[in-house]
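Peer 1: Take this structure, written in structure tokens, and hold onto it; I'll ask about it next.
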Amino acid sequence: SWISDPDYTLYTLVILSIWQFGSPMIIFLAGLRQVPQDIYEAAQIDGASKMRQFFRITLPMLTPVVFFNAVVQTIEAFKAFTPAFIISEGTGGPIDSTLFYTLYLYQEAFGYFRMGYAAALAWVLVVIIACFTAFSFLSSRYWVHYDD
């Protein structure tokens, strides 16, 4: 009954999205495998600790991967629809606790057949996602380090 309790349904969806974090982890693993071992060997010879190696070598070399995953996961968070639709059976319930923007858009379009309003909602969603993505790209010049 914890799915039907409005206090716990949102936590259920958060746990579900954490559980689905597999593909970004594969991308992180690919990024980790691209860090050259020569740099770690040189740092170890210079006396750098494992913690210092992580913050001075691994993390800066992974910033493009972190940036990519952050942008993709932000977009996916705005498009959250399927888990809320399945858990609430398309109603957004109990007490609208899982009524996300995309589920509301779906209800307006295919539940009430207000296609014009749903199209406007979709365009607002596109603009919001574009703003967040643009902010991510503008801020990336300060923290993403490419191996030039």
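The values are calculated or read from the model by the stated rules, or taken from the named source; none is laboratory data. Since this is a predicted model, take the numbers as computed values, not measurements. All Cβ positions, glycine included, derive from the backbone under ideal geometry; neighbour counts span all protein chains shown.
Conditions (1) farther than 30 Å from Ile57 by Cβ; (2) in contact with a helix residue (DSSP H, G or I) (Cβ under 9 Å, 6 or more places away or on another chain), marked per residue:
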residue	(1), (2)
Gln107	yes, yes
Ala120	yes, no
Phe135	no, no
Tyr142	no, no
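Peer 1: Next question, about the same structure. Within region 1-32, restricting attention to residues that are part of a helix (DSSP H, G or I) and among the hydroxyl-bearing types (Ser, Thr, Tyr), which residue is modelled with the highest pLDDT?
Peer 2: Going through the qualifying residues, I end up with Ser23.
Peer 1: Given (1) in a loop (DSSP other than H, G, I, E, B); (2) under 30 Å from Gly111 (Cβ atoms), where does Gly47 come up short, assuming only one miss?
Peer 2: Failing condition for Gly47: (2).
Peer 1: Tally the residues that are more than 24 Å from the chain's Cα centre (by Cα) and without any contact (Cβ under 8 Å) to a residue 12 or more places away in the chain, restricting the search to region 4-44.
Peer 2: So the count comes out to 6.
Peer 1: Next question. Condition test on Ser140, is it assigned to a helix (DSSP H, G or I) and surrounded by 14 or more Cβ atoms within 10 Å (Cβ to Cβ)?
Peer 2: Yes; evaluated as a whole, the condition is true for this residue.
Peer 1: Now a separate question. Against the condition modelled with pLDDT of 95 or more, assigned to a helix (DSSP H, G or I) and surrounded by 15 or more Cβ atoms within 10 Å (Cβ to Cβ), how does Val126 come out, does it pass?
Peer 2: Spelling it out, it is not the case that Val126 is modelled with pLDDT of 95 or more, assigned to a helix (DSSP H, G or I) and surrounded by 15 or more Cβ atoms within 10 Å (Cβ to Cβ).
Peer 1: Right, here's the next one. Select from region 1-55 the residues that are surrounded by fewer than 10 Cβ atoms within 10 Å (Cβ to Cβ) and acidic (Asp, Glu) and write down the one among them that is farthest from Ala84 (Cα to Cα).
Peer 2: Restricting to residues being surrounded by fewer than 10 Cβ atoms within 10 Å (Cβ to Cβ) and acidic (Asp, Glu), the top hit is Asp46.
Peer 1: Please indicate, with yes or no, whether at least one residue in region 27-44 is in contact with a helix residue (DSSP H, G or I) (Cβ under 7 Å, 6 or more places away or on another chain), within 18 Å of Phe137 (Cα to Cα) and among the hydrophobic types (A, V, I, L, M, F, W, C).
Peer 2: No: zero hits.
Residues checked against (1) assigned to a helix (DSSP H, G or I); (2) surrounded by 17 or more Cβ atoms within 10 Å (Cβ to Cβ):
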| site | (1), (2) |
| --- | --- |
| Ile57 | yes, yes |
| Asn69 | yes, yes |
| Ile75 | yes, no |
| Phe85 | yes, yes |
| Gly93 | no, no |
| Leu99 | no, no |
| Leu105 | yes, yes |
| Phe113 | no, no |
| Ala120 | yes, no |
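Peer 1: Continuing with this model, one more query. Kindly evaluate Asp5 against the criterion of being among the charged types (D, E, K, R) and closer than 19 Å to Ser97 by Cα.
Peer 2: So Asp5 fits the description; yes.
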